[in-house]
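See below for the structure under consideration.
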Amino acid sequence: LAGPITITRETFRTCRPGTWGGIPSDCCPPKLIKGPIVDFCPTFDASKPLRVRKALQCLSGHELETYTRKLERGYALMRALPDSDPRSFKRQNAIHCAYGTGSFVQDGSTNLTIDIHLNWLFLPWHRMFVYFHERILQKLLGDPEFSLHFWNFDNSVTATPRHGSHGCYKAGHFMPPIYSDPSKATFEPNRSSKAFEPNRPVDLSLDLSQRVPLSAPIPPFPNRTLEEQTRRNREVMHRSVITLGNTTSFIGKPYRVGDTRVIIPATGAGTIERWPHNTLHVWIGGWMLQPITAPIDPIFYPFHANMERLWSVWRKLGYGHDDPTDPDWLDATFLFWDENAVMRRVKVRDFLDLNALGYRYEEVNDASWIFFD
Ligand code: C2O
């Protein structure tokens, strides 16, 4: 038995409560998908400028004010949608939970479950998830040009040349202030205390992915100087993306029909999923600690935007940094509700070219960890 993992109406119908690391989940979407399932197929429109997802730390002045206002309004509207609406903030967490806790069973099987973590589905699935989330925000704001800017957490460079009018003089490795302001709909109080210290850079190195049980307490984060921490983070990035970053080790291990979902040990995860992804989930803490609840913290979305940006950075490095060509990866198929609450059928192969999806990432300085020695 083999073939691409494929989510169908039947997969929704047979959804059942799942688990993650021994913690039970109960987040199945409605078993009956109402209405048609419409194939999603991106088409490159050369007449339209690409939208730009920008680095949050580089926004300033009027641009920052406008963005903050829009983001805040978008999330307030999303949180106000009823739970019956698949576009609601709560339901978006639930769909990530169903995909990430083995709630979906492979069609025709009774015990083989599906997971979009710790294997080669991780990067494309999360790109899709953020993409539809952004479209929902666009729709709620009535602004089809709205872009979800990214948290450039790997960036420790204080002077980043920026295309356009002005430079960017802030490092990206602190928690973005828009997401730490208690008066905003983008705030979440349930985080580790480290995430609230204004001048503390993230720690990308604390790897707890092999801890057993996964619900065990998190050990305290070491106190490091800014300089020590920065060096360590660059080393982590260099290792994940460059040193260990050949196709299989970076993207994650194959996961096809017939394969068993394995959480411990987390050996199916690509280097980028283990560090900085899993390590940063742990550093932020709170809801972000596990997939049942992670997107309850709105930081999840700009964090994952940067994750997929890093995938593009890796691809641009050239030889040996190529996406898999295996059809079981390319044809893996998922279902997502779009901004009109219509169910869309989405394939990995359609989420590999950002231009076709209509956006790009602002250029930032990645050289400090790319050329780390
Ligand atoms: Cu589905 Cu950052 O996790």
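Read the figures in this text as sums done on the coordinates, not as results from a lab. Bear in mind the structure is a predicted one, so any value in this text is a computation, not a measurement. Neighbour counts are summed over all protein chains in view; Cβ atoms, including those assigned to glycine, are modelled from backbone coordinates with ideal geometry.
Could you work out the helix-only [θ] at 222 nm for the chain, with each DSSP H run of four or more residues adding -39,500 (n - 2.57) and the total divided by the number of residues, to the nearest 500 deg cm²/dmol? Walk me through the numbers before you get to the answer.
Values: 11 runs with 110 residues, N = 373.
Helices in the chain give a 222 nm mean residue ellipticity of -8500 deg cm²/dmol.
Which of GLY285, GLY318, GLY245 moves most in a GNM of the chain, Cα contacts under 10 Å?
Top of the fluctuation ranking is GLY318.
Please compute the length gained on full extension between ARG69 and THR260, using 0.36 nm multiplied by the number of residues separating them and subtracting their Cα-Cα distance. It would help to have the intermediate numbers written out before the result.
Numbers: separation 191, 0.36 × 191 = 68.76 nm, distance 4.48 nm.
Stretched out fully, the ARG69 to THR260 stretch lengthens by 64.3 nm.
I need to check one value: relative contact order of segment 1-88, counting alpha carbon pairs closer than 8 Å and at least 6 residues apart, in percent. List each step's numbers first, then the result.
Details: 33 pairs, mean separation 12.8, N = 88.
In percent, rounded to a whole number, it is 14.
What distance in nm separates the two pseudo spin-label positions at LEU141 and LEU330, each 7 Å out from Cα along the beta-carbon direction?
Label at LEU141, label at LEU330, 3.5 nm between them.
Suppose R0 equals 30 Å. What FRET efficiency, 1/(1 + (r/R0)^6) with r the Cβ-Cβ distance, do GLU228 and PHE196 give to the nearest 0.05? Don't skip to the end; give the middle numbers.
Details: r = 21 Å, r/R0 = 0.69.
FRET efficiency, GLU228 to PHE196: 0.90.
If a cysteine in the chain has no other Cys Cβ under 4.7 Å from its own Cβ, put it on the list, ordered by number.
For the chain, the answer is CYS41, because their Cβ atoms have no other cysteine Cβ under 4.7 Å.
With a sphere of radius 11 Å drawn around the Cβ of PHE187, what net charge do the other residues whose Cβ falls strictly inside it have (Lys, Arg +1; Asp, Glu -1)? Numbers along the way, then the final one.
On the way: positive: LYS184, ARG191; negative: GLU72, ASP181, GLU188, ASP297.
Here the count lands on -2.
For the chain, what is the percent of antiparallel DSSP beta bridges, rounded to the nearest 5? If you can, show how the numbers build up before the last one.
Values: 9 of 17 bridges.
Beta bridges within the chain, antiparallel portion: roughly 55 percent.
Run through segment 35-95 and list the chymotrypsin sites (Phe, Trp or Tyr not before Pro) located in a DSSP loop whose Cβ has at most 14 other Cβ atoms within 10 Å. Each step should come with its number before you reach the end.
Numbers: sites: PHE40, PHE44, TYR67, TYR75, PHE89; in loops: PHE40, PHE44.
Answer by residue number: PHE44.
Enumerate the lysines that LYS70 could reach by cross-link, defined here as Cα to Cα under 29 Å, with residues fewer than 8 away along the same chain left out.
Reachable lysines: LYS48, LYS54, LYS90, LYS139, LYS170, LYS184, LYS194.
Given points 7 Å out from each Cα along the Cα-Cβ axis, report the THR158 to ALA356 separation in nanometres with one decimal.
4.4 nm
Grab the beta carbon distance between ASP322 and ASP39, set R0 = 25 Å, and tell me the FRET efficiency rounded to 0.05. Don't skip to the answer; put the middle values down first.
Values: r = 26 Å, r/R0 = 1.05.
Taking R0 as 25 Å, the efficiency between ASP322 and ASP39 is 0.45.
Tell me which residues come under 5 Å, amide H to amide H, from THR113 once H is placed; ignore anything under 5 positions away on its chain.
GLN106, ARG261
Which whole-number percent of Cα pairs in segment 75-196 have a distance greater than 20 Å?
Values: 4585 of 7381 pairs.
Result: 62 percent of Cα pairs exceed 20 Å.
Between THR267 and HIS62, what's the calculated FRET efficiency when r is the beta-carbon distance and R0 is 51 Å? Round to 0.05. Could the numbers behind the result be given before it?
Numbers: r = 48 Å, r/R0 = 0.94.
E between THR267 and HIS62, to the nearest 0.05, is 0.60.
Taking 0.36 nm per intervening residue step and subtracting the Cα-Cα distance, what contour gain separates LEU32 from SER109 on full extension?
Working: separation 77, 0.36 × 77 = 27.72 nm, distance 1.90 nm.
Separation in residues times 0.36 nm, less the Cα-Cα distance, equals 25.8 nm.
With a cut-off of 8 Å between alpha carbons and a minimum separation of six or more residues, what is the relative contact order of the chain in percent? Working shown, then result.
Values: 672 pairs, mean separation 110.1, N = 373.
It comes to 30 percent, rounded to a whole number.
Less than 18 Å from a label point 7 Å out along the Cα-to-Cβ axis of ILE23: which backbone N atoms in segment 75-118 qualify, by residue?
Within reach of a label on ILE23: 90-104, 115-118.
List the residues, sorted by chain then number, that are 5 or more residues from TRP20 or on another chain and whose placed amide H is less than 5 Å from its amide H.
Distant-sequence amide H within range of TRP20: SER25.
Just check segment 319-373 against the gyration tensor rule for me: Cα atoms, a ≥ b ≥ c as the square roots of the eigenvalues, rounded for a/c under 1.5, and otherwise prolate or oblate depending on whether a/b exceeds b/c.
Numbers: a/c = 3.25, a/b = 1.62, b/c = 2.01.
The shape class here is oblate.
Going by amide H atoms built from the backbone, whose H comes under 5 Å of the H on HIS173, apart from near neighbours?
ASN155
Once the principal axes of the Cα atoms of segment 9-370 are found, what is the range along each, listed largest first in whole angstroms?
Result for segment 9-370: principal-axis Cα extents of 54, 46, 43 Å.
Can you tell me the dipole magnitude for the chain around its Cα centre, using point charges on the Cβ only (Lys, Arg +1; Asp, Glu -1), in Debye to the nearest 20?
Values: 43 positive and 40 negative charges, 100 e Å.
That gives a dipole near 480 debye.
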